[in-house]
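All remarks here apply to the structure that follows.
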Amino acid sequence: MRIGLFGGTFNPIHFGHIHVSKEIKNKFELDQLYMIPSAIPPHKKRQGVADARDRLNMTRLAVSSLDGYLVSDVEITRSGPSYTVDTIDYFKNTLPENAKIFLILGMDAFLEIDTWKSYKKLFTKLPLIIMSRPGTEHVGFQELSSHIREKISNHYYFQKNCNCFKHQTKQSIYLVKVSPYDISSTDIRKIIRRKQSLKYLVPEKVEQYIKNKGLYLHDI
Ligand code: ATP
C-alpha cells in the first residue's frame, strides 16, 4: 500500500492542488492520497482564513469523485495549531505497518520548511515529494542543494536517476516537475472579491459552496 499525505490550508482548494496531486499520485503509484486541511495554519495570517469546517467541506466536494482520494479531518479535530510532524505520527500509528507513506508539498512550502515545528524530524520519518510550482523557478539547483544541506543535513547528496536527494540515515527528498498551474488560493480570494468567475480555477461544486456561504467576500 502506497499512500500520499497532502496537507494545506486549502483556503479554498483549487485546481492547482487537484491537478498536481493527481500527477504525483500517478507517478508514485499511490493507492491512496489523503488531503489534510489544517486547522489553525501556523504560517499564515489567520485573517482571511475561512472556518476549518468550510475548508474541510470544500475539500470533500472537490475530491469526492476522484479515485483513491480521501479527506482527513485529523488536523481540524485536534486542538491547537496544526503541526505536520504530529500529523505524520498520527498516520504512521494508524495506517498498516507495511504502508509506504510519502509527504507531498509544493516548492514554496519546502523553501520555508525550516520554520515548521521540529522540521528536522520530518526527514527521519518519511520520504518527501517536492512539486515544482510557478513562482519558485528562480530557485536554482545550487540554491536548493544549499537549502537542504544547510537547513536539514550536510550529508544529503543528489542522485540523478531518481531526481532525488538521498542520505545514509535520513529519508529521500524527491524533486518532481509537475505541470505548471499558476493558481493560488490568494488569487482566488481576490477574484471572488472582484466578483469574477471561478471557472477553471476551482471545481464547480466548490464555487457553488463559496457562493452559497458567501465566503471570502470581505477578506483582506
Ligand atoms: P495561499 O495562496 O493562501 O498561500 P496556496 O495556493 O499556496 O494558498 P495551500 O493550501 O497553502 O495553497 O497549499 C497547500 C500545498 O499545496 C502547499 O504545499 C503548496 O505548495 C501546494 N500547492 C498549492 N498550489 C500549488 C500549485 N499550483 N502547484 C504546485 N503546488 C501547489
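Numbers below:
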{"quantity": "Only one of Tyr34, Tyr90, Tyr83 that is within 15 Å of the ligand (Cβ to nearest atom) and either modelled with pLDDT of 95 or more or of a type in the set (Val, Ile, Thr) (or both)", "calculated": "Tyr34"}
{"quantity": "Selection count where residues are within 11 Å of the ligand (Cβ to nearest atom) and surrounded by fewer than 18 Cβ atoms within 10 Å (Cβ to Cβ), scope segment 147-180", "calculated": "4"}
{"quantity": "The one condition in (1) at negative phi; (2) in contact (Cβ under 8 Å) with a residue 40 or more places away in the chain; (3) over 20 Å from the mean Cα position of the chain (by Cα) that Leu201 fails to fulfil", "calculated": "(3)"}
{"quantity": "Pairs where the first residue, in segment 107-119, is farther than 16 Å from Arg149 by Cα and the second is within 11 Å of the ligand (Cβ to nearest atom) and assigned to a helix (DSSP H, G or I), C-beta under 7 Å, 6+ apart", "calculated": "Trp116/Thr84"}
{"quantity": "Wholly within segment 79-160, strands (runs of 3 or more DSSP E) carrying at least 2 residues that are under 22 Å from Lys25 (Cα atoms)", "calculated": "100-106, 128-131"}
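This table checks each residue for (1) touching a residue at least 24 places away in the same chain (Cβ under 8 Å); (2) in contact with a helix residue (DSSP H, G or I) (Cβ under 7 Å, 6 or more places away or on another chain).
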residue: Phe15; (1), (2): yes, no
residue: Ile18; (1), (2): yes, yes
residue: Phe28; (1), (2): yes, no
residue: Ile36; (1), (2): yes, yes
residue: Ile40; (1), (2): yes, no
residue: Val49; (1), (2): yes, no
residue: Leu66; (1), (2): yes, no
residue: Gly80; (1), (2): yes, no
residue: Asn93; (1), (2): no, no
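The values are calculated or read from the model by the stated rules, or taken from the named source; none is laboratory data. Computed from a predicted model, the values in this text were never measured in an experiment. All Cβ positions, glycine included, derive from the backbone under ideal geometry; neighbour counts span all protein chains shown.
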